[in-house]
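The values are calculated or read from the model by the stated rules, or taken from the named source; none is laboratory data. Predicted model, so just to flag it, every value in this text is computed and none were measured. Virtual Cβ from ideal backbone geometry, glycine too; neighbours counted across all protein chains shown. When the accessible area is computed, the model is the full protein with side chains, heavy atoms only, and any ligands, DNA or RNA have been set aside. Shrake-Rupley method; radii C 1.70, N 1.55, O 1.52, S 1.80 Å.
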Amino acid sequence: MNKAKQIQNVNPDEVYSYLASRPEGLNDQEVEERLLEVGKNSVEVRDQWKWVRSLLKQFTNFFTILLNASAVICFIADNIQPGESMNVLGWALLGVSFLNALFSFVQEYRAEKAMEALKKFLPQRVRVRRNGNNVEILAEDLVPGDVLIVSEGDRIAADGRLVKSGDLVINNAPLTGESKAQSLHESAVEKRMSESENLVFAGCSVFKGSGEAVIFATGIRTEFGKLAQLSQAIRRSPSPLEYKTGRMVKTLAIIAVSMGFSFFLYGVFSGRSLWVNLVFMMGIIVATVPEGLLPTFTLSLAIGSLRMAKKNVLVKELKAVEALGAVHVICTDKTGTLTHNQLTITHLGDAPACEKFKDNGSENFLLKLALSASEVRKTEEGFSGDPLDVSVADSYVEKGGDFAGFEKNIEKHFAFDVEKRRSAGIFSADSQKFFVVKGAWVAIRPFISGMQADLSAQPVKADEEALEKAEAAIRKVAATGLRVIAIAYRVLAEGDYKDAKQDDLEHDLILAGFIGIEDPIRKEVPPAVKKCQDAGIDVIMITGDHPDTALAIAQKSGIAVDGQDKAGVLTGDILEELTQEQLIEALGKGVSIFARTTPEQKMKIVAALKAMDKVVAMTGDGVNDAPALKAADVGVAMGKKGTDVARESAQIVLLDDNFASIVAGVEEGRAIFSNIKKFTNYVLVGNGPEILPYLIYILLPVPLALTVIQILSIDLGTNIIPSMGLGQEPPDPKEMRRPPRDRSEGLLTRPLIIHSYLFLGLLEALWSIFLFFFVLAGGGWEYGQELASNNALYRSATGIALSTILLMQIGNLIGRRFIYRSGLDMGIFKNKLIFFGIIIQIVFSWAVLYFPPAQKVLATGPVSIEIYFLAWLGIPLIFGLDFIRKKVVQRH
């Protein structure tokens, strides 16, 4: 053999020796040696500076820049007017800036690690032949010389040379950028590697057909791997919710700067000192901006995604979490999603009456015909392939058939075509060659010219009356919920089939009979559908099955009511003719079942629903489902039966292919968004008592109730842990009894602002300021009297104001757990972060008054224990008044 030849120039029978392999595949020792030599089949780009860049990025966000600029102003002010401790405030602001950046970095790191953990839930697996057996392995364990078995929907995991091809069509878009299907073959070619039709490349997908290839390059040695090495590591783009959050923080910061600068100018023109005006400006800015909120959002989404994964819902993109919680419509497949996808042949019917055969010989011959048009492989675990084809093989073997013996007689297989809705094959028996077609009755009927009620007798001519009788019989069987497949064949003349295409052979077929397949409904589906309906979510079933089968399954699952006629069912041929306006009208009238549809028609349904301003979740598992999965607001792929292409196109993957898991994901998505609003509400309430003291201070001749450092201790010292606790609250049991939220609903809604600033925030502000002046008045202070920042009375008064806010935030925290419930009924010990957050606030409220190191840092002083108990009254005050508000709102 000429070793100068490249792999594409080698004849198929020489490929194995060229790559030091064999048809039965490598053995375990060879695999181990090659793994040690070439390493794992991975093209992951290691970014050594990723976390360094991430840390530095935290110092460039808007709030950090604002703090640093404020610190610079403080240092300048200290030079202009020394002795006012502005330099201390400057260093404090720089310290807070660093801590905030560090906290944000830690939160982003945790979120990133959470997303990496999610990837491990569904690693790519491939089928190979090793030691003479077909086995499934992790894609990263592929080595050069492995015999890779590919079929429709697979993503190619390494570069390989074809040695067998069955109508194999590849989409090379990931490599070439051109989304154009290319037919492949196993013959040698004299072309460049990139133009060769006998090579499959990593990253590309199988659009149609099947084949076998011997791997010649893995990991970074593949063409895809070389490109990956030249490119930068992919960085996750922010989700819409994160974008909204960032915009909200920037808006609040701009408002804060505007307010601070405006009152700074007011102070200058009213004759106040530069120091007073600068302190006021810093205070307004720091009090208005919710520090630490943005990283808490990101972490909440990531932790929520991990929680969803435990419910068999794998989130690939964080933005899908937000969208899933706002879904109005779920468009679902039938097979494997509503049903178990455990197909069992329970009915072998004759033509045209579809009545069960009376003899085993006819049953066996019908199964033999069906098996010749099926693509199954024998593995150690049993048969593998399409579930329908596997059920045919299982039934054939159960009835005494010899699969291995019959498989040798199958000469050609035509892969299942989604658009044609049928597959075909050619096999030989008794010196005859049979061309067999297996598929939907509506797809095969046009080619039928004869029927054979008794498969041992001669066929009879199929007139229109006989065809209509067959149609009626199929409807009767389908109405019981069985999936009905038609089997037709014709005997080929010698040489009639050589190099012929399926279309050329599909004529003058003889209808041999029908196969009825049972696929039981998952027991979790009816309750899940009911939960959707209670939550205001419409469920639409889209299937390629017969309309009677679809209606029967829809009734059993609760999508359609018992006794519902076919007015709620729309077939693919009718759907094809409808305009978008007509389809919208049909959906408005209650059409919830689409039968005999093609994957391409899913796009039309998605477009119509989105035109109705609906947030749409669409399930899919095939290659042709990919466009609809991308077009939907939430694309949901199947983890078990789904193809690699479908999983890559979707934002969410169901690890168990169960419809009930989608509903669990919706519930979790709603909970995540609800939790984000909870801790946003909680944090903004704390801003109220921080802002009001500065407004009073600039407008009236009174001391300042809170210093800038004290505000920062609330925002960054005590609010963070409770916020994280609220972000990890479990779903409210009543969450799925409310209608879907408006997708355009932002985080800063008018009710939330009013509740945060003008109700609870005002309550905290009034009670804390009351106690501030109560202490001042009790110590002999008079209105208009100035107090030095180191005055013992002033330090005690600011201490009780700070302590009161910390304690009242406990009542605010418990109240935020539910919209209408108290929050105590849930138990504060169930959420460890909330319990820990409450302990921190209690301890800190005591420390600022009675612990000398805390007094020194925060410039506070002690008060009598009786006044400290008055601060504790703030907890039932804010909690009780808010609970009364909840009940009033709930009633109205």
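Brief remarks follow.
- Those residues of the range 847-861 which are open to solvent by 20 Å² or more (accessible area, probe 1.4 Å), touching a residue at least 24 places away in the same chain (Cβ under 8 Å) and in a loop (DSSP other than H, G, I, E, B), in sequence order: 859
- Answer residue from the range 324-360, given it is modelled with pLDDT under 80 and under 20 Å from residue 400 (Cβ atoms) and is least open to solvent (accessible area, probe 1.4 Å) among those: 357
- Residue match in the range 697-704 (condition: within 30 Å of residue 74 (Cα to Cα), open to solvent by 10 Å² or more (accessible area, probe 1.4 Å), of a type outside the set (Phe, Trp, Tyr) and free of Cβ contacts under 8 Å to residues at least 24 places away in the same chain): yes
- Close pairs from the range 523-548: first of a type in the set (D, E, K, R), partner part of a strand (DSSP E or B), Cβ under 8 Å, at least 6 apart: 538/329; 538/330; 545/483; 545/595
- With respect to the stated conditions, residue 542 is modelled with pLDDT of 90 or more and within 19 Å of residue 420 (Cβ to Cβ).
- Flag: residue 864 does not match the condition of being of a type outside the set (A, V, I, L, M), open to solvent by less than 30 Å² (accessible area, probe 1.4 Å) and farther than 20 Å from residue 678 by Cβ.
- Odd one out for residue 880 among (1) of a type outside the set (Lys, Arg); (2) surrounded by 15 or more Cβ atoms within 10 Å (Cβ to Cβ); (3) closer than 18 Å to residue 765 by Cβ: (2)
- Pair list, Cβ under 8 Å, 6 or more apart: the range 255-273 residue touching a residue at least 24 places away in the same chain (Cβ under 8 Å) and within 20 Å of residue 66 (Cβ to Cβ), other residue open to solvent by less than 50 Å² (accessible area, probe 1.4 Å) and part of a loop (DSSP other than H, G, I, E, B): 256/289
- Of all the criteria given as (1) of a type outside the set (Gly, Ala, Ser); (2) open to solvent by less than 10 Å² (accessible area, probe 1.4 Å); (3) in contact (Cβ under 8 Å) with a residue 60 or more places away in the chain, the one not satisfied by residue 380 is (2).
- Taken over the range 621-647, the criterion of being in contact (Cβ under 8 Å) with a residue 60 or more places away in the chain and in a helix (DSSP H, G or I) is satisfied by 623, 624, 644, 645, 646, 647.
- Among the candidates 844, 836, 759, 772, the residue that is buried (at least 24 other Cβ atoms within 10 Å of the Cβ) and outside any loop (DSSP other than H, G, I, E, B) is uniquely 772.
- Positions within the range 867-877 being surrounded by fewer than 19 Cβ atoms within 10 Å (Cβ to Cβ) and of a type in the set (Phe, Trp, Tyr), in sequence order: 869, 872
- Which listed residue is more than 25 Å from residue 818 (Cβ to Cβ), in a loop (DSSP other than H, G, I, E, B), in contact (Cβ under 8 Å) with a residue 12 or more places away in the chain and aliphatic (A, V, I, L, M), from 787, 747: 787
- Spans of helices (runs of 4 or more DSSP H) in the range 334-419 with at least 2 residues among the polar types (S, T, N, Q): 360-372, 387-398
- Restricting the range 420-441 to residues that are part of a strand (DSSP E or B) and among the aliphatic types (A, V, I, L, M), the residue that is most open to solvent (accessible area, probe 1.4 Å) is 429.
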